[in-house]
1. Here are LEU37, LEU22, LEU64, LEU45: which of them is touching a strand residue (DSSP E or B) at 6+ places or on another chain (Cβ under 9 Å) and part of a loop (DSSP other than H, G, I, E, B)?
2. Condition (residue is within 11 Å of the ligand (Cβ to nearest atom) and within 30 Å of ASP246 (Cβ to Cβ)) applied to region 98-105: is it met by at least one residue?
3. How many of the residues in region 211-227 are more than 12 Å from the ligand (Cβ to nearest atom) and buried (at least 23 other Cβ atoms within 10 Å of the Cβ)?
4. If you scan region 1-29, which residues turn out to be of a type outside the set (Asp, Glu), in contact (Cβ under 8 Å) with a residue 24 or more places away in the chain and under 20 Å from CYS134 (Cβ atoms)?
5. Among the residues of region 233-262 satisfying the criterion of being assigned to a loop (DSSP other than H, G, I, E, B) and of a type in the set (Asp, Glu), which is modelled with the highest pLDDT?
6. Could you please let me know if ILE48 is crowded, with 17+ Cβ neighbours inside 10 Å, β-branched (Val, Ile, Thr) and modelled with pLDDT under 95?
Amino acid sequence: MKFRLNKQAFSRDGYCVVKNLLNENEVAYYDNKIKKLANGEQFNLGGIYNAKEISDIVANKKLLTVLKELLGPEIFFLHDSTIMHKTEPKNIENWHRDNPCRRFGIGPDWDKNLPYDVLRVGIYLQPYDEAKSCINVIPGSHKKRYTFREILRFFHKKCFSKFNEKSKLGFLKRFFTSLIGKNIVTDRGDCVIFNANLWHTPTETSGWKRAIHFSYGRNNKHSKHFVNYYLKHRTDITKDGHIIDDDFIKLLQKEKIYYPLPKEKIEIPGVNREPPKNYIN
Ligand SMILES: O=C(O)CCC(=O)C(=O)O
């Protein structure tokens with residue numbers, strides 16, 4: 001099956017949508033497995049290797065074909081992954097980046113000579129009619145520090161960050177959210193691929209949201225830092241790489257998408273938001 005990709009728009013905006021990446025049978029399979037794993041609870045499982053019945057999704061042939069179109073013939077799975085079974089509250093808007101160096105221009109992720117190319121993949125399993133779930137992105141924010149939307153995001157954060165689910169003026173916050181970012185509607189089987197350094201946020205849902213997120217990159221320093229960040233700095237999300245299941249590693253090796261697990265934690269300038277003293281990019 002051939003998916004239509006606009007590579008020029010992907011490079012400019014930092015995201016693309018692959019409608020119906022998974023067919024009905026695949027959606028039903030993964031959806032049921034996640035429902036069973038979650039057992040009716042809110043659930044955000046870090047480490048897809050913890051869920052053997054669904055971990056093969058990272059080697060889905062159609063997905064790998066699309067990713068190779070975007071990144072080139074040699075791609076690697078970068079070891080962070082989350083399985084989601086949750087509802088998102090009202091006023092959830094919390095734009096963030098997923099790369100290690102989140103402040104624009106600070107740290108090796110922003111090296112002008114090697115454009116950032118770690119990609120996040122979100123695969124959604126719930127019908128939009130049921131969950132009303134979107135991912136909201138700020139197009140172009142992976143490349144530009146200041147855009148009109150970015151300035152609005154700054155004011156949004158200053159004015160609305162204290163608004164919680166019960167705030168009477170929450171509608172104002174939601175109105176501004178729709179001005180700032182682009183709401184991408186997600187339906188059963190859809191896949192959204194975005195640069196890990198693109199501002200994005202989930203939006204509120206009206207029902208259970210089931211989704212799987214993980215990342216890919218090329219063999220370069222961005223992938224090296226990303227893997228090290230998630231396995232050695234963010235052990236709150238992923239457990240230390242040493243416990244990754246052997247069968248999962250064999251699957252990655254068979255598909256030639258295995259990125260070596262790091263032995264040591266490395267320092268990544270800019271990773272803690274503040275630039276280190278005397279840092280020059
Ligand atoms: O896909 C979504 O709805 C949001 C995912 C997200 O925020 C993330 O992966 O960091």
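The values are calculated or read from the model by the stated rules, or taken from the named source; none is laboratory data. Note that the structure is a prediction, hence the values are computed from the model and not measured. Cβ sites come from the backbone with ideal geometry, for glycine too, and all protein chains shown count toward neighbours.
1. LEU22
2. Checking region 98-105: at least one residue is within 11 Å of the ligand (Cβ to nearest atom) and within 30 Å of ASP246 (Cβ to Cβ).
3. Number of matching residues: 6.
4. Across region 1-29, the qualifying residues are PHE10, GLY14, TYR15, CYS16, VAL17, VAL18, LYS19, ASN20, LEU21, LEU22, VAL27.
5. Step by step, filter region 233-262, then rank; the result is GLU255.
6. It is true that ILE48 is crowded, with 17+ Cβ neighbours inside 10 Å, β-branched (Val, Ile, Thr) and modelled with pLDDT under 95.
This table checks each residue for (1) farther than 22 Å from SER11 by Cβ; (2) of a type outside the set (S, T, N, Q); (3) over 14 Å from the mean Cα position of the chain (by Cα).
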| residue | (1), (2), (3) |
| --- | --- |
| PRO89 | yes, yes, yes |
| ASN94 | yes, no, no |
| CYS101 | no, yes, yes |
| PHE104 | no, yes, yes |
| PRO108 | no, yes, yes |
| ASN113 | no, no, yes |
| ASP117 | no, yes, no |
| ARG120 | no, yes, no |
| ALA131 | yes, yes, yes |
